[in-house]
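S.K.: Sending over a structure as structure tokens; questions will come in a sec.
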Amino acid sequence: MLKTFYNGLLDSNTYVYSTDKGHAMIVDFGVPVDSVKEYVKENGLTVDYLALTHGHYDHINYIGDYKKAFPLAKIVCHRDEKCVIEDPEGNLSIFFGLYNSYDVGYQLLDEKDAISLENNGGSVDFLVIHAPGHTPGCMCLYNEKEKIMFTGDVVFAQGYGRTDFKYASPRDMVKSLEKIYSYKGITIYPGHYGSAKI
């Protein structure tokens with residue numbers, strides 16, 4: 001089951017993916033936690049993972065609130081995103097007068113690592129796809145069985161993430177887009193706006 005929470009900071013999305021057995025992963029933290037927490041409680045979910053696609057302000061700002069709300073969940077991001085998370089200019093909070101570092105104790109992931117959620121008789125696995133360009137540690141999360149991918153700000157329904165911020169790389173973005181578009185027949189769930197098939 002997948003629930004999308006829209007209208008977060010700068011119109012960002014927060015996703016709650018859950019298995020039939022009630023284990024859940026929350027992706028990105030630009031939506032205040034209250035409505036997400038209520039949804040989790042109403043559906044009897046156990047949040048196992050808080051997964052960050054990348055460390056920009058509009059996706060990470062409420063991470064501390066989510067950590068408090070779901071203290072047993074593992075907080076994960078890509079290894080190369082640490083520099084963005086810890087740098088107020090890199091994570092863009094400085095442009096909103098916040099000067100924040102968002103280092104809350106992440107488990108650092110690498111390309112092809114898996115996030116596994118328990119399900120009836122097995123697990124639901126999301127594969128980490130390293131997709132730098134928008135930031136150096138952008139990661140997409142791909143579920144092969146359901147053919148879905150959380151893409152953060154790498155690729156949107158119409159377009160892709162900006163490459164003019166600190167730590168961004170237009171060259172890396174081209175390679176990442178080629179990588180993502182090699183996955184045919186999937187539905188993407190981006191960091192902003194609605195889903196799309198590619």
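Read-outs: derived from the displayed coordinates by stated rules, not from any lab. Because the structure is predicted, anything quoted here is derived from the model rather than measured. Heads up, the Cβs are rebuilt from the backbone with ideal geometry, glycines too, and the neighbour counts pull from every protein chain shown.
S.K.: Is there a pair in Lys41/Lys68; Lys112/Lys166; Lys147/Lys197; Lys82/Lys184 whose C-alpha atoms are over 19 Å apart, and which pairs would that be?
M.R.: Cα-Cα > 19 Å for Lys112/Lys166; Lys82/Lys184; rest within.
S.K.: DSSP loop GluC sites (Glu not before Pro) in region 34-133 with at most 14 other Cβ atoms within 10 Å of their Cβ, which ones?
M.R.: Loop-located and lightly packed - Glu89, Glu111.
S.K.: Further question on the same structure: Of Asn7, Cys138, Ala196, which is farthest on the positive side of the dipole of the chain, counting Cα position, with +1 on Lys and Arg Cβ, -1 on Asp and Glu Cβ, and the Cα centre as origin?
M.R.: Ala196
S.K.: Next up: Give the percent of DSSP beta bridges with both residues in the chain that are antiparallel, rounded to the nearest 5.
M.R.: 65 percent
S.K.: A further question on this structure: Please give the charge dipole size of the chain, origin at the Cα centre, charges +1 on K and R Cβ atoms and -1 on D and E Cβ atoms. Round to the nearest 20 debye.
M.R.: About 360 debye.
S.K.: For the chain, what is the mean residue ellipticity at 222 nm derived from helices alone (per DSSP H run of n ≥ 4: -39500 (n - 2.57); sum divided by total residues; nearest 500 deg cm²/dmol)?
M.R.: -5000 deg cm²/dmol
S.K.: Exposed loop trypsin sites (Lys or Arg not before Pro) only (DSSP loop, at most 14 other Cβ atoms within 10 Å): please give the longest stretch of the chain free of them, not including the sites.
M.R.: Result, exposed sites excluded: 1-111.
S.K.: Which percent, nearest 5, of DSSP beta bridges in region 1-108 are antiparallel?
M.R.: 45 percent
S.K.: Also: Give me the extension gain from Asp20 to Tyr193: residue separation times 0.36 nm, minus the current Cα-Cα distance, reported in nm with one decimal.
M.R.: Computed gain between Asp20 and Tyr193 is 59.6 nm.
S.K.: Roughly what would the spin-label model give for Thr4 and Ala114, points 7 Å off Cα along C-beta, in nm?
M.R.: 2.7 nm
S.K.: Next question, about the same structure. Report the far tail of the P(r) of region 2-197, meaning the percent of Cα-Cα pairs longer than 25 Å.
M.R.: 28 percent
S.K.: Sticking with this one: First measure r as the distance between the Cβ atoms of Glu178 and Ser123, then evaluate 1/(1 + (r/R0)^6) with R0 = 35 Å and state the FRET efficiency to the nearest 0.05.
M.R.: 0.75
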